[in-house]
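Just below is one structure, and these are the notes that go with it.
The values are calculated or read from the model by the stated rules, or taken from the named source; none is laboratory data. Please read these numbers as outputs of a predicted model, since none were measured by experiment. Neighbour counts run over all protein chains shown; Cβ positions are idealised from the backbone, glycine included.
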Amino acid sequence: MEKKLMSVVESQQFSKEWLEIEFFPTVRSMETVLLNERSGCKDLKGKGMVSFFYEPSTRTRASFEIAMKKMGGDVIFSTENASEFSSVVKGETLEDTIRVLNRYYPDIIVSRFANEGDAKRAAWVSAVPIINAGDGAGQHPTQALLDVCTIQKVFSQVNNITITMIGDLAKGRTVRSLCYLLGKFKNISINFVSPAVAKMRDDIKDYLEKHGVKYQEYKSIKESIKKSPADVYYQTRPQRERGTAFDLSEDKGAFVLCEETADSMPDHSIIMHPLPRTEEITLEVDLNPRSVYLTKQVECGLFSRMALLKMILS
Ligand code: CP
């Protein structure tokens with residue numbers, strides 16, 4: 001990824017060098033700007049963003065729109081429910097929608113798509129950069145970027161990390177994008193903990209093997225803590241909107257993070273979750289010193305998205 005950053009479609013597009021030399025320092029500088037000047041900066045003055053979401057979102061949409069405004073840019077059009085209130089209901093294709101939005105002169109389009117592969121289709125016909133804010137059960141590359149930023153912030157690097165990914169690994173797009181991104185770093189080990197019906201898909205396992213990333217599958221969080229203690233525990237929720245029917249709490253707590261399980265994790269470890277959280281992390285874990293999912297990880301979302309917009313637009 002040596003040339004100028006344009007669209008953000010999938011995590012594989014980023015190189016380790018770009019992440020370490022350009023992205024992480026820009027994220028840190030955005031954090032400094034925001035914390036020192038609470039009003040933000042004016043780097044994106046005169047730039048306009050279209051925010052077009054076909055699926056619900058709290059964090060991704062809010063943080064992109066706030067990032068744009070904090071840097072002096074405008075959100076020139078925003079819709080949170082394009083699946084119901086855009087002309088897709090009348091049969092308009094994604095390609096036509098993107099071509100038309102291009103004619104309203106945005107500088108960037110941030111979109112959450114309903115189907116895997118839609119981000120690529122949109123980027124293919126768009127003259128302005130497209131940011132994939134999640135495409136069905138496919139990928140969520142900006143989530144993976146903020147996730148590695150969180151890991152880098154806590155451990156000062158992303159190499160030499162063991163991470164345990166828990167939950168709906170078959171349909172969760174955040175873990176897929178995170179695996180692709182972690183495959184760029186050195187000496188990464190991944191533990192997968194999920195019900196049999198929600199195992200990580202083979203395309204990701206093939207990618208990890210090709211990139212020399214060791215992975216192992218476990219039947220419960222407790223078993224993984226005992227056999228392969230990790231630096232990062234990355235919990236995810238059942239993707240009910242994509243047809244996932246199992247209840248994580250049914251299996252004797254094998255996949256639910258509770259206080260007792262959290263306390264048995266290595267002292268230096270952190271607990272992450274892309275959110276929203278449902279039944280898979282009990283509320284008392286929020287107060288565990290390892291938990292970063294409602295604090296650092298959320299903030300890294302804003303700083304990372306500010307950095308991305310600045311790198312693409314300014
Ligand atoms: N993590 C994440 O994508 O959250 P939202 O669905 O609220 O954007």
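Step by step: first the residues of region 254-268, then only those that are within 24 Å of the chain's Cα centre (by Cα) and surrounded by fewer than 21 Cβ atoms within 10 Å (Cβ to Cβ), then the one that is nearest to the ligand (Cβ to nearest atom). Which residue is that? The extreme case among them is Cys258.
On the given criteria, is Thr278 at pLDDT below 95, hydroxyl-bearing (Ser, Thr, Tyr) and within 16 Å of the ligand (Cβ to nearest atom)? Answer is yes for this residue. Taking the conditions (1) within 21 Å of the chain's Cα centre (by Cα); (2) modelled with pLDDT of 95 or more; (3) surrounded by fewer than 16 Cβ atoms within 10 Å (Cβ to Cβ) in turn, Tyr293 satisfies each one other than (3). So for region 203-214 (the condition being among the hydrophobic types (A, V, I, L, M, F, W, C) and either within 14 Å of the ligand (Cβ to nearest atom) or free of Cβ contacts under 8 Å to residues at least 24 places away in the same chain (or both)), does at least one residue qualify? No: zero hits. Before we move on, is Glu65 outside any loop (DSSP other than H, G, I, E, B) and within 14 Å of the ligand (Cβ to nearest atom)? Answer is yes for this residue. Asn288 passes all but one of (1) within 15 Å of the ligand (Cβ to nearest atom); (2) among the polar types (S, T, N, Q); (3) over 30 Å from Ser7 (Cα atoms); which number fails? Among (1) within 15 Å of the ligand (Cβ to nearest atom); (2) among the polar types (S, T, N, Q); (3) over 30 Å from Ser7 (Cα atoms), the lone unmet condition for Asn288 is (1). Checked against (1) in contact with a Pro (Cβ under 6 Å, 6 or more places away or on another chain); (2) within 30 Å of Tyr105 (Cβ to Cβ), Ile131 meets all criteria but (1).
Per-residue answers, yes or no, for (1) touching a strand residue (DSSP E or B) at 6+ places or on another chain (Cβ under 6 Å); (2) aliphatic (A, V, I, L, M); (3) under 14 Å from Ala137 (Cβ atoms); (4) at pLDDT 95 or above:
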| residue | (1), (2), (3), (4) |
| --- | --- |
| Thr236 | no, no, yes, yes |
| Glu241 | no, no, yes, no |
| Ser249 | no, no, no, no |
| Glu260 | no, no, no, yes |
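Among all residues of region 89-97, there is none that is polar (S, T, N, Q), without any contact (Cβ under 8 Å) to a residue 24 or more places away in the chain and under 25 Å from Ala144 (Cβ atoms).
Applying the selection to region 190-216, what residues are under 22 Å from Cys149 (Cα atoms), over 19 Å from the mean Cα position of the chain (by Cα) and in a strand (DSSP E or B)? Correct list: Lys214, Tyr215.
From the list Ile130, Ile190, Ile166, the lone residue that is surrounded by 23 or more Cβ atoms within 10 Å (Cβ to Cβ), more than 16 Å from the ligand (Cβ to nearest atom) and under 20 Å from Arg237 (Cβ atoms) is Ile190.
If the condition is being within 13 Å of Ser63 (Cβ to Cβ) and more than 8 Å from the chain's Cα centre (by Cα), then region 135-153 contributes only Cys149. Just one of the numbered conditions (1) crowded, with 22+ Cβ neighbours inside 10 Å; (2) farther than 30 Å from Pro25 by Cβ; (3) not basic (Lys, Arg) is not true of Glu95: (1).
One residue stands out in region 111-121 among those that are surrounded by fewer than 24 Cβ atoms within 10 Å (Cβ to Cβ) and in a helix (DSSP H, G or I): the one that is nearest to the ligand (Cβ to nearest atom), namely Asp118. For region 216-246, the set of residues classified as within 18 Å of Pro276 (Cβ to Cβ) and crowded, with 16+ Cβ neighbours inside 10 Å consists of Tyr233, Tyr234, Gln235, Thr236, Arg237, Pro238, Gln239, Thr244, Phe246, listed by residue number.
Please determine, by comparing only the residues of region 42-62 that are of a type in the set (Gly, Ala, Ser) and away from the ligand (no atom under 16 Å from the Cβ), which one is surrounded by the most Cβ atoms within 10 Å (Cβ to Cβ). Within region 42-62, the match that is surrounded by the most Cβ atoms within 10 Å (Cβ to Cβ) is Gly48.
If you go through region 134-157 and keep only what is in contact with a Lys or Arg (Cβ under 6 Å, 6 or more places away or on another chain) and part of a helix (DSSP H, G or I), you end up with just Thr150.
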